[in-house]
1. Which one is farthest from SER41 (Cα to Cα) among residues in the stretch 158-188 that are touching a residue at least 60 places away in the same chain (Cβ under 8 Å) and of a type in the set (Ser, Thr, Tyr)?
2. Give me the pairs: first residue in the stretch 12-41 and over 26 Å from GLY168 (Cβ atoms), second residue open to solvent by less than 60 Å² (accessible area, probe 1.4 Å) and in a helix (DSSP H, G or I), beta-carbon distance under 9 Å, and six or more apart or on different chains, which are they?
3. Determine whether the stretch 63-85 contains at least one residue that is outside any helix (DSSP H, G or I), more than 28 Å from VAL225 (Cβ to Cβ) and free of Cβ contacts under 8 Å to residues at least 60 places away in the same chain.
4. Restricted to the stretch 1-51, and to residues that are surrounded by 10 or more Cβ atoms within 10 Å (Cβ to Cβ) and small (Gly, Ala, Ser), which residue is nearest to ALA209 (Cα to Cα)?
5. Restricting to the stretch 166-187, count the residues that are of a type in the set (S, T, N, Q), in contact with a helix residue (DSSP H, G or I) (Cβ under 8 Å, 6 or more places away or on another chain) and modelled with pLDDT of 95 or more.
6. Quick one: in the stretch 189-216, which of the residues that are touching a residue at least 40 places away in the same chain (Cβ under 8 Å) and farther than 15 Å from LEU44 by Cα is most open to solvent (accessible area, probe 1.4 Å)?
7. Any idea how many residues of the stretch 220-235 are exposed (fewer than 15 other Cβ atoms within 10 Å of the Cβ) and part of a helix (DSSP H, G or I)?
8. Kindly indicate which of VAL133, VAL107, VAL169 is more than 29 Å from ARG228 (Cβ to Cβ) and part of a helix (DSSP H, G or I).
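The values are calculated or read from the model by the stated rules, or taken from the named source; none is laboratory data. Predicted model, so just to flag it, every value in this text is computed and none were measured. Methodologically, a virtual Cβ is constructed for each residue, glycine included, from the backbone with ideal geometry; neighbour enumeration extends over all protein chains shown. Accessible surface areas use protein heavy atoms only, side chains included; no ligands, DNA or RNA. Shrake-Rupley method; radii C 1.70, N 1.55, O 1.52, S 1.80 Å.
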Amino acid sequence: AGLAILSRRISVSQMPQWSELLDLTEVKRMTAINGHIMIRSFCLLTAFVLFTKRGVYLGTDILAANAVLMNLFLFAGYFLDGFATSAEQLAGKAAGARYRPAFDRTVWLTVFWGFAIAALLSAIFLGFAAQIVETMTASDETRSLAMDYYSWAALTAVSGVLAFQMDGVFIGATWSRDMRNMMIVSLAIFSIALYFLVEKFGNHGLWAALHIFLIARGLLLLALVPRRKTLLFQD
């Protein structure tokens, strides 16, 4: 379907030449970017595997409650990913045009509206906590345990929004190497937090470590933006 739409919108004269398609320098650059993103995605997957694995040692009841609660984060992710996608498109366009005002506007608009939607989602989650948990499990024991840790899950939208949005900016601007490196650092921070907090606070510590991971991702990337912008728009 996509090819059919494109065939009506793009003329033959606009198609790239074989020399462009087989430009080894550009192919290597594209492959490197995809490689960085792949490593970043693998680290993200590793973090959630560690979260689940650590929950196993807290007991099957806790594991079941966490599985229910993680749906709140996944649901919020569908909304937040929309802002990440917008940031990708708009930041990429501004970066390609070397037009700093559009880039800055993209960053701050997506930050503002991302946090606004995240706060609204968290407020809805908290306001309808009992009803939401009731729809996700029929087990009274799991419901009770889920309510004990519910606030942690309900607030993941707020702690994770900057990570989503910054990922979009960095992918759009093709700053994939920095995104990969900061993800590795964030995973290391998460692993340390996981080790110490779970030992002391149990499942509360597990959720706290997840929040630290999400916040670290967002703040580490945000801290790099000024320097990367200077390099990008120095001309």
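1. If we take residues in the stretch 158-188 being touching a residue at least 60 places away in the same chain (Cβ under 8 Å) and of a type in the set (Ser, Thr, Tyr), then THR174 is farthest from SER41 (Cα to Cα).
2. Close Cβ pairs satisfying both conditions: LEU21/VAL27.
3. Step one: of the stretch 63-85, the residues outside any helix (DSSP H, G or I) are none.
No, because not a single residue in the stretch 63-85 is outside any helix (DSSP H, G or I), more than 28 Å from VAL225 (Cβ to Cβ) and free of Cβ contacts under 8 Å to residues at least 60 places away in the same chain.
4. ALA47
5. Summing the residues that are of a type in the set (S, T, N, Q), in contact with a helix residue (DSSP H, G or I) (Cβ under 8 Å, 6 or more places away or on another chain) and modelled with pLDDT of 95 or more in the stretch 166-187 gives 1.
6. HIS204
7. Total satisfying the criteria: 5.
8. VAL133
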